[in-house]
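> Sharing a structure with you now.
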């Protein structure tokens, strides 16, 4: 973010996956971190397998439980083809990572997504841990492009 004095202000981007978390743990982590909004970076956010994190339920619970906003940004998600290649064809993580980073670079997400929107927000996806998840790649890519960004994995 750039305030009126023209100097960039540091921002914090949180990330979290909902898998292996109870609803209580999930919402408590968000509230305790002071997250302002959840940025859903899943390609498919209405799956029956998603439990409490299906889009209509999640949007409702976030507002009611924590007064937390919700935005779905599919431009921060991989393509279905990229996901299928990695998951169904047992592709390597390093190949997936390289292809995904080329995708977000081609999409110029650093110019299309507002720093104000992401500041204090949590990138949400399904993976329990960030090490092999595109939400981590998005956060690290934006940190590289924007500079003064702190990343906190919940």
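The values are calculated or read from the model by the stated rules, or taken from the named source; none is laboratory data. Model, not experiment: these values are computed from the prediction. In this analysis, Cβ positions are derived from the backbone assuming ideal geometry, glycine residues included, and neighbour counts consider all displayed protein chains.
> Scan segment 57-75 and give yes if some residue there is within 17 Å of residue 28 (Cα to Cα) and part of a loop (DSSP other than H, G, I, E, B), otherwise no.
Within segment 57-75, one or more residues are within 17 Å of residue 28 (Cα to Cα) and part of a loop (DSSP other than H, G, I, E, B).
> Of 7, 102, 87, which residue is on the phi < 0 side of the Ramachandran plot and at pLDDT 95 or above?
Just one listed residue meets the conditions, 102.
> Please go through segment 30-52 and give me each residue that is part of a helix (DSSP H, G or I) and either modelled with pLDDT under 95 or within 20 Å of residue 76 (Cβ to Cβ) (or both), ordered by number.
Residues satisfying the conditions are 30, 33, 48, 49, 50, 51, 52.
> So how many residues does segment 116-135 have that are more than 9 Å from residue 13 (Cβ to Cβ) and touching a strand residue (DSSP E or B) at 6+ places or on another chain (Cβ under 6 Å)?
Qualifying residue count, segment 116-135: 8.
> How many residues does segment 98-125 contain that are surrounded by fewer than 18 Cβ atoms within 10 Å (Cβ to Cβ) and not in a helix (DSSP H, G or I)?
Residues flagged as surrounded by fewer than 18 Cβ atoms within 10 Å (Cβ to Cβ) and not in a helix (DSSP H, G or I) within segment 98-125 amount to 5.
> Quick check on segment 59-97: of everything there that is surrounded by 15 or more Cβ atoms within 10 Å (Cβ to Cβ) and free of Cβ contacts under 8 Å to residues at least 24 places away in the same chain, which residue is nearest to the chain's Cα centre (by Cα)?
59
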